[in-house]
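Novice: Can you keep this structure in mind? I'll have questions shortly.
The values are calculated or read from the model by the stated rules, or taken from the named source; none is laboratory data. For clarity, every value in this text was computed on a predicted model and none was experimentally measured. Here the Cβ positions follow ideal geometry from the backbone for every residue, glycine too, while neighbour counts run over all protein chains shown. These area figures cover heavy atoms from the full protein model, side chains too; ligands, DNA and RNA do not enter into them. Shrake-Rupley method; radii C 1.70, N 1.55, O 1.52, S 1.80 Å.
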Amino acid sequence: MSDRKLPMDKSERLLNELLKIPVNTICCDCGAANPNWASYSLGCFLCVRCCSVHRKMGTHISKVKSVSLDSWTQEDID
């Protein structure tokens, strides 16, 4: 387990590769196109609207980060 953050360009590149997988091109909750957020505890991509719902649920249920704005560890991405 590593808490070391990946460089932003590397984490964004890895996440963008995951977003190219067809199932990840839509929000896992509502089906909106081009999600830019992820629940790294649940392993799914979310639109901004659903992201706010997940944040309100609490981190004990869903931990959410932005694909491009937040720092990620390799463990988060895995």
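Novice: Name, by its number, the condition in (1) more than 20 Å from Lys5 (Cβ to Cβ); (2) open to solvent by 80 Å² or more (accessible area, probe 1.4 Å) that does not hold for Thr59.
Specialist: The number of the failed condition is (1).
Condition check ((1) of a type outside the set (Lys, Arg); (2) within 14 Å of the chain's Cα centre (by Cα)) across all residues:
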residue: Leu15; (1), (2): yes, yes
residue: Ala33; (1), (2): yes, no
residue: Tyr40; (1), (2): yes, yes
residue: Lys56; (1), (2): no, no
residue: Asp76; (1), (2): yes, yes
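Novice: Please find, within segment 1-26, the residue that is modelled with the lowest pLDDT out of those that are of a type in the set (A, V, I, L, M) and exposed (fewer than 10 other Cβ atoms within 10 Å of the Cβ).
Specialist: Going through segment 1-26, the residues of a type in the set (A, V, I, L, M) turn out to be 1, 6, 8, 14-15, 18-19, 21, 23, 26.
Next cut, exposed (fewer than 10 other Cβ atoms within 10 Å of the Cβ) only: 1, 21, 23.
Working: Met1: 50, Ile21: 96, Val23: 95.
Applying the filter and picking the extreme gives Met1.
Novice: Still on this structure, please answer the following. What are the residue pairs meeting all of these: first residue in segment 24-35, first residue on the phi > 0 side of the Ramachandran plot, second residue among the hydroxyl-bearing types (Ser, Thr, Tyr) and outside any loop (DSSP other than H, G, I, E, B), Cβ atoms under 8 Å, and 6 or more apart or on different chains?
Specialist: Asn34/Thr25
Novice: Exactly one of (1) out of contact with any strand residue (DSSP E or B) (no Cβ under 8 Å at 6 or more places or on another chain); (2) open to solvent by less than 70 Å² (accessible area, probe 1.4 Å); (3) farther than 14 Å from Ile77 by Cα is unmet by Cys51. Its number?
Specialist: (1)
Novice: Does Asp76 meet the test of being open to solvent by 80 Å² or more (accessible area, probe 1.4 Å) and either in contact with a strand residue (DSSP E or B) (Cβ under 6 Å, 6 or more places away or on another chain) or not β-branched (Val, Ile, Thr) (or both)? Break it down into steps so the answer makes sense when it comes.
Specialist: Numbers: open to solvent by 80 Å² or more (accessible area, probe 1.4 Å): no; either in contact with a strand residue (DSSP E or B) (Cβ under 6 Å, 6 or more places away or on another chain) or not β-branched (Val, Ile, Thr) (or both): yes.
Answer is no for this residue.
Novice: Only one of these is in contact with a Ser or Thr (Cβ under 6 Å, 6 or more places away or on another chain) and not aliphatic (A, V, I, L, M): Lys20, Lys5, Lys65. Name it. Spell out how you get there, then give the answer.
Specialist: Numbers: Lys20 fails: in contact with a Ser or Thr (Cβ under 6 Å, 6 or more places away or on another chain); Lys65 fails: in contact with a Ser or Thr (Cβ under 6 Å, 6 or more places away or on another chain).
None of the other options fit; the residue is Lys5.
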